[in-house]
Structures are given as structure tokens and as C-alpha cells.
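Working notes, structure below.
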Amino acid sequence: MNTENTTPRAEATGSGMKRITADFSPEAYQVLTDTATQLSISKAEALRKALGLINFVIRQQKEGWTLILEKGDKRKEVVTL
């Protein structure tokens, strides 16, 4: 999936939140839309959750942990992100 990002612009909002503008490929935008719909959340919240998850995984991998997916008796190791 190609995200085709340009450099995002960040702007401060009145609530202390930062607002960004980013370009997405049609495929990446569809993944974002589908994810938000499946979780019944906004696209912004889906992005926040995705960033939180990737940040968690990166920190754990830096500490030597391995991410394992299990389904029944099958296991997959996520080597890198």
C-alpha cells in the first residue's frame, strides 16, 4: 500500500490539539475509512489508535520483545513493521 505522503502541515487548534493535512493514496484512504467504520469511530480517532499501536509495538521491539499472532495452534511472528 502506497501512502504517497507529502510533508504534513501541523497547525495548533484552540483545544491544544494539533491539526495536520496529509495526502493519502486511494487505497490508503479506503483502509482508513474501512477501519473507522469497523470500529465505529472517526477517521481521526482511527489514525490516533493506529499511531498508538505502532508506537507501542516499536517500543516493545526496542526492549527485545517479539510480536506473535496466534490462531488456534498456528503462530506467526511479526518481524518488523
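Its Cα centre serving as origin, the stretch 9-78 has a Cβ charge dipole (Lys and Arg +1, Asp and Glu -1) of approximately 180 debye. How much net charge surrounds T66 when only other residues with a Cβ under 14 Å from its Cβ are counted (Lys, Arg +1; Asp, Glu -1)? Combined, the nearby Lys, Arg, Asp and Glu give +1. Taking packing as the residue-averaged number of other Cβ atoms within 10 angstrom, the listed peptides 40-46, 51-57 run from highest to lowest as 40-46, 51-57. Phi angles of the stretch 47-61 translate, via the Karplus equation with coefficients 6.51, -1.76, 1.60 and θ = phi - 60°, into HN-Hα couplings of 5, 4, 5, 4, 5, x, 5, 5, 4, 4, 4, 4, 4, 5, 5 Hz per residue; Gly and Pro are given as x. Here's how it looks for L67: its modeled amide H is under 5 Å from those of V78, which are all 5 or more places away or on a different chain.
Give the peptides 73-80, 17-24 in descending order of average Cβ contacts within 10 Å, highest first.
17-24, 73-80
A short reminder: the numbers here are calculations on the coordinates, not readings from a lab. Since we're looking at a predicted model, the values are computed, not measured. Reconstructed Cβ throughout: ideal geometry from the backbone, glycine too, with neighbour counts over all protein chains shown.
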